[in-house]
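The structure under discussion appears below in the form of structure tokens.
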Ligand code: SF4
């Protein structure tokens, strides 16, 4: 284990120090941990990583003897709800001495996953209700979600699609690509297709190429996207061959999913640079998670590291009301505080849009600290990041044309 495992994630009541922030921003290799003897050829082979995932309680207990009673009980039940799977590479990011390790909280099951609050749902975004054919979600006017698999390299314990991914609860997801693509073909209003799952990059290069080729052949599909957590869970998958294949299908964007700066290792950075070098614009989606990233120090380090990896922080999601996620859900109050302390205090490119996916299928609703203090037909009163107040006159079509103060050359343009 490398030294930054000991760096604070600033989840205590004590404010993080500048040196803790700088430690979080460092890039480190995940290292080899328990797999020192594995030849490089195997370790760097994504299929080896998949074959050697930690998927059972016995494996987890052996590698993580400090398993708590809550984790032990949760893991015993995991395969009835959402499977346990962790790649050896990603496992090495866990701090075994810290039961609140932000990496561990995301992927090691806990018994709290079986506790369900009355407002929690198995399909909080109402995807199944907006699904004209299995595996295709058409919720917004001009774009669709094209779900191609229920498998991921590792399983996030707060997954909004946990009803479906890993098939632990018997959803039995079997998308029929021909039917999904036929729907897109017959709906000319669809100009944007987001391929997701599960994780599409778990497919072979040939299968991904086949699907992208079919989508690219539809004249009204302007824009393709892939949603994936592979660069974070399994960066070995981002091979030069994969990137060379993907670049045939531009405009193709990729949305990755990372939540904590420690996930951005040197291996992940290499994978992301490869994708960026293939001309693929990269965005990141984070979920606001209790004791993982719900403090400004961690989030600031994450967004800075993302930009260093050429990834634009795109969305910060309030955790969906998925069943059994209360122990991981942070408050909207904290989310707003984080955005407040990023906006204006750091590069605009680093600030994600904070959204709540409206429960039941209302779509993403942006949530922002209140910068507009009042607004009427004549003016807005706004405040900036420092709390200073400004007035802005509203532009009105019926307003008299202002009289020129003098020749343009004397006008100060700042
Ligand atoms: S990678 Fe995405 S789809 Fe897979 S378990 Fe995590 S959140 Fe769910």
All-pairs Cα distance distribution in the chain, expressed in whole percent, bin size 20 Å: 24, 55, 17, 3, 0
antiparallel share of DSSP beta bridges within the chain, to nearest 5, in %, is 40 percent
Can you sort 75, 56 so the residue with the fewest Cβ neighbours within 10 Å comes first? 56, 75
May I have the convex hull volume per residue, in Å³, for the Cα set of segment 186-252? 83 Å³
Please report 54, 230 as a ranked list, fewest other C-beta atoms within 10 angstrom at the top and most at the bottom. 54, 230
Return the percentage of antiparallel bridges among DSSP beta bridges fully within segment 292-414, rounded to the nearest 5 %. 75 percent
Report D for segment 31-149 in µm² per second (integer): Stokes-Einstein, Kirkwood Rh on Cα pairs, 10 °C, 1.306 mPa s. 94 µm²/s
When N is the residue count of segment 107-243, what does its C-alpha Rg come to as a fraction of 2.2 N^0.38 Å? 1.11
Enumerate the residues in segment 203-221 having an amide nitrogen under 16 Å from the point lying 7 Å beyond the Cα of residue 248 toward its Cβ. 204-218
What value, in deg cm²/dmol to 500, does the helix sum -39500 (n - 2.57) over DSSP H runs of n ≥ 4 give at 222 nm once divided by the residues of the chain? -7500 deg cm²/dmol
Would you mind ranking 401, 353 by Cβ crowding within 10 Å, fewest neighbours first? 401, 353
Whole-number D in µm²/s for segment 230-318 (Stokes-Einstein; Kirkwood sum over Cα pairs; 10 °C, 1.306 mPa s): 120 µm²/s
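A short reminder: the numbers here are calculations on the coordinates, not readings from a lab. Predicted model only: the values in this text are computed from it and were never measured. With ideal geometry, Cβ positions are generated from the backbone for all residues, glycine too; neighbour counts draw on all protein chains shown.
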